[in-house]
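Okay, so here's the structure we're looking at.
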Amino acid sequence: MVKADTSDALRAPQEKVGEPPVAELQGVSRRFGDRHALRGVSLQIRSGEIRALLGPNGAGKTTLLRVLSGLVQPTTGDVSVEGVKWRDLSEREARRLLGLMPSGDRTFYLRMSGLENLVFFARLHGLSRQAALHRARACLHEVDLEDAARLSVSAYSHGMQKRLSFARAILVDAPLLMIDEATHDLDPASADRVRQLAIDRASSGSAVLWATQRVDEIRGFAHRVTLLHEGLVRFDGSVPQLMAKAPGRTHVVHLREIPGQRKSARAEIARSALESLGSIASPLDPEDDYVVLSLLEGATLGRAVTALESAGLEVLSCREERSDIESAFLALTGGTGR
C-alpha cells in the first residue's frame, strides 16, 4: 500500500470546459422543526476531486451527506448528481450514482464472510449472482482484503472492517463517493490506508466528498475544503487558502542553556532580538528552557531563528504550537465545538 501524500497541497484535477460537476448543491437549507441544520449551502464536487467537508460537531456535515444521498429532502434548494436533479431520479438510478461509507458502520453480518457480505449488498444493488460475485472479488482486491475474503467479519480487525466498508461503498463504481468520519477511531497506519484508498478512487475519476473533524488530515490530501459551522458555509477553497486564514503563528522554542546565565535572562535577550518580528512570552517556570514565540504577520520563522542566534542564543528545537489549519478552523468557527 502506497502511503498518502503529506505535502501541503495536491495537484487539483484539471477542469474540462463545459463539463458539469458530478454533484452540486444550490442554496440548500434543511430545517428540523425550529432548528436549522443547513442554511443556504451551495457547493460543487468535480470528477477526480477530493472535497473535504470540515466542521465541528453539530455543523451540519451529516445532514448535508444525507441530503446529497437523497435520504433527506432539503427544505429549500436543489441537489443534482451528474446534471440530474434528485427529484427526477428513480431510486434505482440514484443508487447507481453514489457510494456511501457511513461513520460507525455496524451493518455487516458478522457471521458471514467479507465476500458473502459484499455479494449480498451487490445483489441489493440489482446485480446478478455472477456479476455480484465478480464485483465483490474486485472490490476486495482493491482494498487489499483478498486473503481475508473467506473469513467471517467477526474475525476482522477494526481497520479491516473499515476497508470492507469502503469496498461496499465502491460496489457500483459510482461517480460520487461520500465518506463520513472514516478515520476518527483508527490508528495512524490504518487511517493512512483508508485515505490512500480515497486518493486512488479520485485518481480513477471519482468525485470524493470526505467529511471529517480531523483538521490536520486534510493537509496534502484534499484538493478543496468546505468548512461548515452552524449550517453555514464559512469557507470554501483550497487547503493553502484555508491556511492563509490562520491568525499569527505560535511556536515553542527550546533554547540551549548558557552556563552562569539565568534562564529568565535568555527570555529577555530573545525578546529584544525579536522586537520587529514577533513577541516572546516568558515561561511560567523561571527554570524552564522553553519560550513561546508569536510571529507577526509577514515575519518568517527562519528570520526569527537567525535573529535569536545573532543575539548569542542557540535554538535546539522549534515546533509549531498549533497547525495553521487548526488555527484557521478555530478562527472561522469562533473556537467552538459541540
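Quick note: the coordinates plus some simple rules give every number you see, no bench work behind them. If you're wondering where the values come from, they're calculated on a predicted model, not measured in any experiment. Cβ atoms come from the backbone with ideal geometry, glycine included; neighbour counts cover every protein chain shown.
Using helices alone, what [θ] at 222 nm do you get for the chain, with -39,500 (n - 2.57) per DSSP H run of 4 or more residues, divided over all residues and rounded to the nearest 500?
Calculated mean residue ellipticity at 222 nm is -9000 deg cm²/dmol.
Quick check: the angle from helix 158-169's long axis to the longest principal axis of the chain, C-alpha only, nearest 10 degrees?
The answer is roughly 50 degrees.
For Ser29 and Val315, calculate 0.36 nm times their separation in residues minus their Cα-Cα distance, and state this gained length in nm to one decimal.
97.8 nm
For the chain, find the longest principal axis of its Cα atoms and tell me its angle to the long axis of helix 129-142, 0 to 90°, nearest 10.
Here the helix axis deviates by roughly 10 degrees.
Relative to the first principal axis of the alpha-carbon coordinates of the chain, what is the inclination of helix 263-273, with its axis defined by its Cα atoms, in degrees from 0 to 90 and to the nearest 10?
Relative to the chain, helix 263-273 is tipped by roughly 80 degrees.
Can you list, bin by bin at 10 Å, the percent of alpha carbon pairs in region 23-243, starting at 0?
Going from the shortest bin to the longest, the percentages are 8, 33, 36, 19, 3, 0.
With +1 on the Cβ of every Lys and Arg and -1 on the Cβ of every Asp and Glu, and nothing else charged, how large is the dipole of the chain about its Cα centre, in debye rounded to the nearest 20?
Value, rounded to 20: 1260 debye.
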